[in-house]
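Data block below; observations after.
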Amino acid sequence: MGIYILKRVGAAILTMLLIITITFFLMNAIPGSPFLTEKSTPQMIELANQKYGLDKPLIIQLKNYIVSYLKGDLGTSLKMQEGTSVNDILFHQGKFQLSIKLGVAALVLAIAVGIPLGCIAAYRRGTWIDGLLRVVTTVGVAIPTFVLATTLLILLAVKLGWLSTISGSLEDAKSYVMPVISLSFYYMCYIAKLMRTSMLDAINQDYIRTARAKGVKTKWIVLKHALRNSLIPVITYLGPVTAGIITGSFVVESTFAIPGLGKYFVQSVLNRDYPIIMATTAVLSAMVIGMNLVVDIAYKIVDPRISLSAKED
Amino acid sequence: MKDKLKSFSPFQVDAGKIMDMYGLSDEDFTAAADSEKESMVEMHKSISFWQDAWRRFKENTVSMVALVVFIVIVLFAFLGPVLIPYDYSSQYRSAQNLAPMQYSENEQLTMLATSGADAYYSTAVQSGSLTAIRKGSHYINWKGATYAFSNDKGIENAILMLDTDAENPLYYVKLDDIAEDGTYSEITVVEYTSEAAEGADELELSTKIFPHVFGTDSAGRDLMARTMFGARVSIIIGTMAALIVLVIGSIYGSISGLAGGRVDFIMMRIVELIYSIPEVLIVLLLQVVLKDPLQEWFDSGTSAFSQAMSDLGTGIVSIMITFALLYWVTMARIIRGQVLQLKKQEYITAATALGASNGRIIRKHLLPNCVGPLVITTCLQIPSAIFLESFLSFLGLGVSAPMASLGSLCSDALASITLYPYRLLFPAVVLTLIVLTLNLVGDGLRDALDPRLKK
Amino acid sequence: MAEDNKKLLEVKDLAVSFFTPAGEVKAVNGISYSLGYNEVMGVVGESGSGKSVEAYAIMGLLQSPGRVIGGSITFEGRDVLAFNEEERRQFRGNECSMIFQNPMTCLNPVYTIGNQLMEALTCHDSGISKDEARNRAIEMLEKVGINNASKRVDQYPHEFSGGMRQRAMIAMALITRPKLLIADEPTTALDVTIQAQILELMKELQEKENTSIIFITHNLGVVAEICDKVSVMYAGNIIEQGDVNDIFYSPQHPYTKGLLASMPRLDAEGHERLIPIEGTPIDLLNPPAGCNFGPRCAECMKVCTRMKPPYAEMENGHRSACWLHFMGNKGKEDE
């Protein structure tokens, strides 16, 4: 188990390095200089380049990034909050915390609602409940996040006036409602669909027949025998869900005016603020990769067949 | 026979009695002919895999309805623009911010003013504003007759009318002379001949006035035309991305699966690495990075290929590149899995043992068996590509105006969402319908092509 | 019959159909038999003959689109088909257990063997303590010949070999001391040497625990080894039944004869050839009007193409459904 986790962590670090490298080169491939404005002269740009070490060869710059990241230093903003340390921007200004709060709430909602809904649909297969859930979930995975977010915004905030159009820093519970629902709805529906399929698949397995032959109560057959086995595909999906929720946060944060990481990342790309692009990419990727790691380990807990020392395919 | 029966049975059945009971004769106890035996068995008609799959798909009402709806949307996107007199990029001056089913001011006037005329020519019908009929020679063909005239001043803000019953069939009415109720008394007669001068311009007469079914945007562009165009762009992006993924993924996957061993190991580690990258972060960067180089290439390129690409625009092309770079891994995994599984099958071993060549095995055995997953994954890839495109366009990184995609239309609508919510409604509904129907068709295909999954 | 109270299980005219989109499949088409206490009955037939379906009907394990459409099943005087859901659940596993063909897939991969054994106990007796259930499980595992049972009890199915899994399945089925055990091809998926061990074990346990067994198999050799009486099924009907000796030494039905002729025997004299049964089983969606075996029968007569044969009763409860037994006048002429 220990060796397996070590291996996984190693792979995760490798992936992180790869992402940082890709981001670095992509970022530098963006034509033009971050300091290019209408007023700037070539001399000014050169000076600024010197100041931020952008005149050095790319490889050295990349090395500097990695070295300072290892030290926990994410660099200094070039443009958006010139001169402020990125650590301060992301962590002390609460951007990271906001995104985490939002993401975790959405993830929890998606799982906590999606799994039971999928179970109910499978358990009541063929009934009106199953039919209704199928319609909702099928439509749910066809609605883009931004459409749902704006629709909620118009309905609940503008027309009905129940909620504020600006969720801001998520200070009260009410401000969570719309962002979290819009962020998690797609994944809630997807998980419910996945859960239904995999539950039905599990129910058709031989060991369910054995359990029935033993005289186990139907409720327990579903809750004990079918559920645990059918959770496996859902767990696999949690990695992509995390990535997706982060993606969704780009949209949701701008729709509901939440000053989080997602919104900041998009702005930093448009503004070419290199250190911020690098840092946000690193932080967001770390979240996704970390989740993948958790998923890999969660496997072992749910499915004893997966031997952690061997590579499964 | 009878002896045996007797010796074994204490409550022996009287055979004669039984025969009476069933009304049988000795004749019945003679051997049956082979033909009689064969007639007992009804042979099943054997049907091919595809016929069977199609039969199953047809039985799936939901998927069939989805397929029909999707075809309707495709027709809407590709045939629709021909049927309506507006196009996606023209800005109709008097038509800004119209609600659905409204006519622009000029159209309303024209409608009123032309009540007596057979046909009219108005720049309004085509461009939304009555600017001018240019200086020079023009002719009009109407029901076999030619009306040729020349004007030396250009006609400003007027509608050119043709009323074959009137004394002077060809005349124009100045807009200023048209009253609120559409009546007018001042007309300017146009002299005409029946011979068009050399190089004369044909003016196309029109009787058609068309409402802006989905309304217009703040620049006066017709939203239905834009939605049609956007749907077309989205469908093209989805299909092309899916094809790119299909080609790259299946080639990579089958090489990996067939080669096996060390090659497979390394190729799969690469896949895993790409798989664990949060693509959207990279996609966002790529969008920005690729924009300028692509534009440069379009501007300098003269080949048909770069021309075709430049018609699509940088946004779409960079989305394609993104797909080609990052999104093929799932397909590669599925195909490799299939190949590995099939490689283990006894019939492949049997074919190898019988001396079939590799090419033959791939053609005759592997490909037909991979087709199911290939079709399904490709079909489900389309909506995910459409999703990604709309997401990028929504963030302002996809296609840019006057080009439109469903995502960019939704994004544009947001600026004035509280005033004109329908501007979001139409593109969003079309987008959702495309994704929904494709998902349902994909599900139906899965059920139809892989009967094992359907218990 | 006077011995009615000695009957454990009585099946009468049982009919099960599957209602598929393509039509009704009569998987079991009116079968009758009875089983006494401490008796082992073999049900023999090729795949698709309805032998497993019949067992599922007794257990109440039939799933849509399968349904019992006629007949009765009586277990110790109680009508099994009239059970409500809770009664049926208490019946399953407690009074009547079942083991299945493929031990590889029949155990839940994510729970330990012990957990699954204990579950069989706790779901019928909620009063049993965890320790007691565990001890019973260990004891039962020892009984089925699993060494080191106190350690094995905490292992997962994938840590067991095929034969051991089937032993564990048997332990699970017998842990509640049921009166009837239905074994659905319990040895088919196992290696030949393991097969023999499992059969040996079942015979031993049957004698020790006084359990009646319905042993479903397509392997006549297995039947000879363990069964008291045999029912031979073909296309949803029992075409011949009787004591194991009667069936083996004086088979009456052409199908049974065919089965025996196609089986290799150790006591074969010289180079006897194995004689296969020609043809394939009928399509149950469109069964023929006459005898189901008719199309494959070498002795098929005109009547066989038109009418289903009745049973001919012989001594000792031996009966066979074939028109050959009723060749009345023709037979007399031969005399």
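The values are calculated or read from the model by the stated rules, or taken from the named source; none is laboratory data. The structure displayed is predicted, hence computed values, not measured ones. Here Cβ is always computed from backbone atoms with ideal geometry, including for glycine, and neighbour counts include all displayed protein chains. With ligands, DNA and RNA removed, areas are computed over all heavy atoms of the protein, side chains included. Shrake-Rupley method; radii C 1.70, N 1.55, O 1.52, S 1.80 Å.
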Requested in this report: Run down A:A122, A:A149, A:A142, A:A157 and say which single residue is within 14 Å of chain B (Cβ to nearest Cβ) and either assigned to a loop (DSSP other than H, G, I, E, B) or at positive phi (or both).
Outcome: A:A142
**Report entry** Where B:P421 falls short, out of the listed (1) at the interface with another protein chain (Cβ under 9 Å from one of its Cβ atoms); (2) within 16 Å of the chain's Cα centre (by Cα)
**Finding:** (2)
Query raised in the report: Is it the case that the stretch B:219-239 has a residue that's open to solvent by less than 10 Å² (accessible area, probe 1.4 Å) and farther than 30 Å from B:I71 by Cβ?
Result: yes
Query raised in the report: If you go through the stretch B:421-443 one residue at a time, how many are free of Cβ contacts under 8 Å to residues at least 24 places away in the same chain and surrounded by 23 or more Cβ atoms within 10 Å (Cβ to Cβ)?
Result: 1
Report task. Confirm whether A:N87 is open to solvent by less than 50 Å² (accessible area, probe 1.4 Å), in contact with a helix residue (DSSP H, G or I) (Cβ under 9 Å, 6 or more places away or on another chain), in a helix (DSSP H, G or I) and outside the structural domain of A:F185 (by TED's automatic domain parsing). Result -> yes
Query raised in the report: Quick one: which of A:L270, A:L261 is within 12 Å of another protein chain (Cβ to nearest Cβ) and crowded, with 24+ Cβ neighbours inside 10 Å?
Result: A:L261
Query raised in the report: Filtering the stretch C:292-314 down to residues that are crowded, with 23+ Cβ neighbours inside 10 Å and out of contact with any strand residue (DSSP E or B) (no Cβ under 8 Å at 6 or more places or on another chain), which residue is farthest from the other protein chains (Cβ to nearest Cβ)?
Result: C:C297
Report task. Please work out if A:G244 is buried (at least 24 other Cβ atoms within 10 Å of the Cβ) and under 14 Å from the mean Cα position of the chain (by Cα). Result -> no
Query raised in the report: What residue, among those in the stretch C:147-174 that are surrounded by fewer than 19 Cβ atoms within 10 Å (Cβ to Cβ) and without any contact (Cβ under 8 Å) to a residue 40 or more places away in the chain, is farthest from C:E209 (Cα to Cα)?
Result: C:E159
Requested in this report: Within the stretch C:24-34, identify whether any single residue is surrounded by 15 or more Cβ atoms within 10 Å (Cβ to Cβ), part of a helix (DSSP H, G or I) and of a type in the set (A, V, I, L, M, F, W, C), and answer yes or no.
Outcome: no
Query raised in the report: Got a number for residues in the stretch A:169-185 being surrounded by 14 or more Cβ atoms within 10 Å (Cβ to Cβ), at pLDDT below 85 and not hydroxyl-bearing (S, T, Y)?
Result: 1
Query raised in the report: From the list A:K217, A:K193, which residue is of a type in the set (D, E, K, R) and more than 14 Å from chain C (Cβ to nearest Cβ)?
Result: A:K193
Query - Among (1) on the phi < 0 side of the Ramachandran plot; (2) modelled with pLDDT of 70 or more; (3) touching a Ser or Thr at 6+ places or on another chain (Cβ under 8 Å), the one test that B:T123 misses - result: (2)
**Report entry** Among (1) within 20 Å of A:I100 (Cβ to Cβ); (2) assigned by TED's automatic domain parsing to the domain that holds A:G114 - the single one A:A286 does not satisfy
**Finding:** (2)
Report summary line: Among helices (runs of 4 or more DSSP H) entirely inside the stretch C:108-221, those with 3 or more residues being away from chain A (no Cβ under 14 Å) and not polar (S, T, N, Q) are C:130-143, C:149-152, C:162-174, C:192-209
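For (1) closer than 28 Å to C:G23 by Cα; (2) in the same structural domain as C:R165 (by TED's automatic domain parsing); (3) at pLDDT below 85, each residue gets a yes or a no:
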{"position": "C:Y56", "(1), (2), (3)": "yes, no, no"}
{"position": "C:L62", "(1), (2), (3)": "yes, no, yes"}
{"position": "C:V68", "(1), (2), (3)": "yes, no, no"}
{"position": "C:S72", "(1), (2), (3)": "yes, no, no"}
{"position": "C:F91", "(1), (2), (3)": "no, no, no"}
{"position": "C:P109", "(1), (2), (3)": "no, yes, no"}
{"position": "C:I113", "(1), (2), (3)": "no, yes, no"}
Requested in this report: Collect the residues in the stretch A:249-258 that are open to solvent by less than 10 Å² (accessible area, probe 1.4 Å) and at the interface with chain B (Cβ under 10 Å from one of its Cβ atoms), keeping them in residue-number order.
Outcome: A:F250, A:V251
Query raised in the report: Quick check: is even one residue across the stretch B:368-378 part of a helix (DSSP H, G or I) and either within 12 Å of chain A (Cβ to nearest Cβ) or within 24 Å of B:H212 (Cβ to Cβ) (or both)?
Result: no
Query raised in the report: Somewhere in the stretch A:198-212, is a residue among the β-branched types (V, I, T), within 24 Å of C:D125 (Cα to Cα), in contact (Cβ under 8 Å) with a residue 12 or more places away in the chain and within 13 Å of chain C (Cβ to nearest Cβ)?
Result: yes
Report task. Would you be able to tell me the number of residues in the stretch C:51-93 that are of a type outside the set (V, I, T), assigned to a strand (DSSP E or B) and either more than 9 Å from chain A (Cβ to nearest Cβ) or in contact with a Ser or Thr (Cβ under 7 Å, 6 or more places away or on another chain) (or both)? Result -> 8
